1. For a quick check: with amide H placed at 1.01 Å from N, whose amide H comes under 5 Å from L20's, ignoring anything fewer than 5 positions away on the same chain?
2. Taking the chain as a Gaussian network, Cα atoms linked when under 10 Å apart, which of A64, A267, A258 shows the biggest mean-square fluctuation?
3. Where in the stretch 172-256 are there trypsin sites (Lys or Arg not before Pro) that are in a DSSP coil and have at most 15 other Cβ atoms within 10 angstrom of their Cβ?
4. So what is the relative contact order for the stretch 20-289, in percent, with contacts set as C-alpha pairs under 8 Å and at least six apart?
5. How big is the dipole moment of the chain about its Cα centre under a simple scheme where the beta carbon of each Lys and Arg is +1, that of each Asp and Glu is -1, and everything else is neutral? Debye, nearest 20, please.
6. Cα-Cα pairs above 35 Å in the chain: how many percent?
7. Using per-residue counts of other Cβ atoms within 10 Å, averaged over each peptide, order 37-46, 224-233, 286-295, 110-119 from highest down.
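A short reminder: the numbers here are calculations on the coordinates, not readings from a lab. What you are looking at is a predicted structure, and each value in this text was computed from that prediction instead of being measured. For neighbour counting, all protein chains shown are included, and Cβ atoms are generated from backbone atoms with ideal geometry for every residue, glycine included.
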Amino acid sequence: MSDGEQALLARPDRRGVLRLGEHAFPPGQPLIMAIVNRTPDSFFQPGATWAEPAALDRVQQAIAEGADIIDVGGIPAAPGAEVDVAEEIRRTASFIAAVRSSYPGIVISVDTWRHETARAACEAGADLLNDSWGGFDDRLADVAAEFGAALVCAHVGRQRPRTRPFRVGYADVMADVLEHTQALARRALRAGVQPDRIVLDPAHDFGKNTWHSLEITGRLAELTSTGWPVLVSLSNKDFVGETLDLPLDQRLPGTLAATAICAWHDARIFRVHQVRESRQVVDMVATIRGDRPPARAVRGLA
């Protein structure tokens, strides 16, 4: 590790500005990342944004409901039909360019683990590389550095892209999350990614069973206390469904409960399907924490 890396990682408090594209987001400002899946077989509401007009309508709605980031993905996380690099790029790059043209001020993320797709997305206008598969392709960090993009460093244990976890075990799941996400952050620094553009993700459900995902939710403060900004992707996940014994279309209340816990523990980015409800939850928590004033406060004053 270089002297610069050691100095950066040794600082007791790096909780500061998060830079995404041309934006600088201060600490205490929660960001909503709206999911827009350009796939016919996505996890939630399959095919809802497969057609480009429907996907653009989704972007417009998400921004109107309070989204700060649009996250575009071309491959479902679950096992299924092979989607090669060319097809993933076809599904995402031109769409990102269309979103950038229509909404020049919005932060755009691409959900990919492949450096080729990341490059095409950055050329089209993406600001953030959301690598949900834990640095499987180590060239992704090089692309982020080249384009000045932000990079998500996720924990997936030993799980490979588009596989399901099977009998996974950890002596201490949060210790493993801390070790591996910070190792990825150090690798990103060495590649030249700017330190205020690195985000950690404990990756609920990825490489984890329900007990693991519940534990990292309750212990999220251990990750946020490292000083790195933290992203959580909780929306309608299986750990919510198994905890409450509910199908996909009934997991919103459980998702919002987990969202509130993570917001209280200082998560910065929330990757969601239901934007309006998530926006209200994180804003309420931010106000209770003292990071945001009420939109209005006239009760007892008039």
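1. Close amide H contacts, sequence-distant or interchain: F25.
2. Between A64, A267, A258, it is A64 that shows the largest mean-square fluctuation.
3. Sites meeting the loop and neighbour criteria: none at all.
4. 19 percent
5. So the dipole magnitude of the chain works out to roughly 500 debye.
6. That fraction is 12 percent.
7. Going from most to least packed, we get 110-119, 224-233, 37-46, 286-295.
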